[in-house]
Every structure is written in C-alpha cells, then in structure tokens.
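Single-structure report; data block below.
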Amino acid sequence: MHINELDTPALLVDVDQLARNIAMMQQQISELGLNLRPHCKAHKTPELALQQIAAGAKGVCVAKLGEAEVLARGGVQDILITTPIAGLKKVQRLIALQRQYPTTRLIQVVDHIEQIQLIGKEAQQQQVSIPLLIEVESGQQRCGVEVGDELLNLIRAIQACNGVSYLGVQAYSGHLQQVKTLNERNHAAREAVLPLFTYIEQVLTPLGLAPSVVSGGGTGTFAAYQGLGFTEIQAGSYVFMDASYRSIEDLQQASEPLFGCALSVLATVISTPKPHRAVVDAGMKSLSIDLGMAQVLDDDSIRYQCGGDEHGILHLSQQSQKLRIGDKILLLPSHCDTTVNNFDTFVLVSGTEVVGEVAIAARGRCD
Ligand code: PLP
Ligand code: MN
C-alpha cells in the first residue's frame, strides 16, 4: 500500500532510516569504547528496544516505571529507570516487577536516603535485590545530589541497607543536549561532569567506592566525554531524530549528518479557506509543540503552524505546490518523544510503501 492510502493523522517510521540510525549510534559508541544504553522514552516500544539490543546495546533506559513494566513484559532483559521513584505504591510495583521477571535486571536511579531505605525494605521483604545508581547534579539543576559528602553519604547508606546494592552513578546534563555548536556543546558537557570524575579519582577510588557504572549523555553529547570515565551512554532521540535535533550543528565532527529523520506525521488537508492558507488534520494532539513547530517535509516554502488541538495551519507562498482538499502532507515533528506519545501505533514504511505496523505499547505510560 502507498502511504497516501493511509488514514490520518498517522505516525510513520521509515524502517531503513531507523536501522541506519540504530547501527550508526552503536558504531559511534563502540568506537569510543563505551556501552550504549539507549533511552526508550523516545519510542516506548519493546520491539524497537529489542532491535537496539540486537544491534549491540547492552541494555536500555526508561524514564518511568510504567515503561519498564511494558518493556519487561516485551522481553527486554536489562532496564535502567532513570528517574527517582517515590512512595510505597511505586516501590511495591518495582519490587513486584522484579519478582515477576527474576532474570531481568532492573536498575533504579535514586538521589535521597528515603528512596534507598524504602526500596531496600520492600526488596528485602520480597527477597530480591535492586541495584541502584545515584543521580548527581551535573548542571541541569533537576534531580541529583551534589558531588561531595552528599554523594559519599548516599553510597554509604546504600551499602548499609539490605535489599539494594551500589552499582554507580548517573550524570545527565539534559540542558546541554541542544547547545548549537559542537565545540560549545562538548566543552560545556565536559565542564559539567568534571567535578564528578575528579571526586571519583581523588576520594571514591581510594576508599574502594569507585562506581562500576557511570551512565549519562544523550544524542547531543554522546561524543563529548572521551576519556572521562563514563561507562555507558543513554542517547534516545537518535533513533528518530526530529526538527529540533536537526537544527543543531553536527552531532559529531562529520562531513554529513550521522543520523537521518526516520519519524514523520502524515496529515490530510481538510480545508483550503484562502489561496495562501490550507488546514490539515494534525494539531497539537498529534504534533507536540513544546520544542516549536513541525516542519513540512519536501517543501520548504510551506510553513506549519499549530492551529489548536486538532488543526494545523499551512501557510503557503507563491512557490508552494497548490494544495487541495484530501491532499496528504508529511510533517517532521519538532520533538520526537512528546509526539510519539500521542499515537497508539507506528506505521512502518520503506520509502512511500507501507510495510507493517507496531503498537507503541508504553504510549501514555508516564506512571
Ligand atoms: N537520559 C535521560 C536521563 C534523559 O532524560 C534523556 C532525555 O530526556 C536522555 C537520556 C536521552 O536524551 P536524547 O533524547 O536527547 O538522546
Ligand atoms: Mn526529548
């Protein structure tokens, strides 16, 4: 079937570009001598996680326990939950998941003694043990303890607690992923984590408390940390790319972009009120607008503007193709993560041919 026969709005994934992106990031990270632990918040889909693992990823990340539940059920064996969890209900779900899938490694990020003690208590009662990464502040001022005594105290707290073990640290500088130029981005990324690696060398290592795992980095910074001591990179968006990532300078020193856009939204023209204005059936409930507007693929002369929950306004110029009711148009999302979460299904395409579909099983799971 040709994509123009699809009903819309539809979320398309180009399987060829997807496979190239997955292989390219794996190659880049392997050449750096690191492990790739792709962040599945981008696709929320067990099948794609397994494809990344088959390509060489050592495990995956999720942002939320709800995503971990879906991936574990889908057969993913090594899952890092990169956001701290709070409250007995959540902790009991984590422990229940570990009990249900005893051969799956679930790793939880923490940054406070109360999380550690609660997880430890429940885990011990249920006779499981949860490896923990301590999140450290690395410039974003979101979660994370300060490097120094706060970190050391948490390591000791984990060691003193049954039911949990100290695996390492997480340092993720989300605010730097889309700094425009490669040099500025790499410089800022290294500066942000330098105190951590100095502390590891000068304090933790002599105490025998060096982290086994140091996890962090994203699509924008995966190549910034050479020689510092990260063991794994958590990049996520590279699988699809999006307009916001496409707008930053090279992700690596390369003559051509390393990653191509594999994700698009197919929309239909539902109204043509004026010669210079057409309206499509994809508004902000299809294309997220938190990182700006989607871009029209294949025609730079048309500008997309969100027209509400369900409407997208296309501003046409003199050079633009004439659009008629029922015409289909492909849009490049501005932000892949928040766009994917709007859809139940990826329609798999190769060029303009539909080749299959896959359920976005963890869509909506931010619990
Ligand atoms: N790690 C963490 C903790 C994140 O929050 C994110 C994204 O927000 C990523 C990794 C992946 O980053 P990106 O999608 O920019 O590759
Ligand atoms: Mn994102």
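Here are some notes:
- Label point at C366 placed 7 Å out along Cα→Cβ; residues across segment 31-55 whose backbone nitrogen lies under 15 Å: 41-44
- Length released on extending from A359 to Q318, taking residue separation times 0.36 nm less the Cα-Cα span: 10.8 nm
- Rounded to 0.05, the FRET efficiency of the N183 and S30 pair, given R0 = 30 Å and the Cβ-Cβ distance, is 0.80.
- Between the Cα long axis of helix 113-125 and the first principal axis of the chain there is an angle of about 80°, rounded to the nearest 10.
- Charge tally for Y101 (other residues, Cβ to Cβ under 13 Å; Lys, Arg +1; Asp, Glu -1): +2.
- Shown here for segment 104-172: GluC sites (Glu not before Pro) in loop regions (DSSP other than H, G, I, E, B) with at most 13 other Cβ atoms within 10 Å, namely E146.
- Segment 131-163 residues near the modelled R105 label - backbone nitrogen below 16 Å, point 7 Å along Cα→Cβ: 131-134
- C-alpha long axis of helix 149-159 to longest principal axis of the chain, angle in °: 70 degrees
- Crossing angle, helix 182-199 versus the chain [Cα axis fit, 0-90 degrees, rounded to tens]: 20 degrees
- Calculated mean residue ellipticity, 222 nm, the chain: -8000 deg cm²/dmol, from DSSP H runs (n ≥ 4) at -39500 (n - 2.57) each, averaged per residue and rounded to 500.
- Highest mobility in the GNM of the chain, judged by mean-square fluctuation with C-alpha springs under 10 Å and restricted to G208, G220, G139, is found for G208.
- Entries in K180/K328; K44/K180; K58/K328; K180/K285; K58/K90; K41/K328 that, when Cα-Cα distance is taken, lie over 30 Å: K180/K328; K58/K328
- Cβ-Cβ FRET estimate between S165 and K285, R0 fixed at 25 Å, reported to 0.05: 0.05
- What the Cβ-Cβ distance of Q77 and Q226 gives, at R0 = 51 Å and to the nearest 0.05, is a FRET efficiency of 0.95.
- Cut-off 12 Å between beta-carbons: net charge of the residues surrounding L88, Lys and Arg +1, Asp and Glu -1: +2
- Segment 88-131 versus segment 326-342: alpha-carbon centroid distance in Å: 36 Å
- Residue-span extension gain [N153 to A19] - 0.36 nm each, minus C-alpha spacing: 43.9 nm
Bear in mind these aren't lab numbers, they're just calculated from the coordinates by the rules spelled out. As the structure is a computational prediction, the values presented were derived from the model and not from experiment. Positions of Cβ are backbone-derived with ideal geometry, glycine not excepted, and every protein chain shown enters the neighbour counts.
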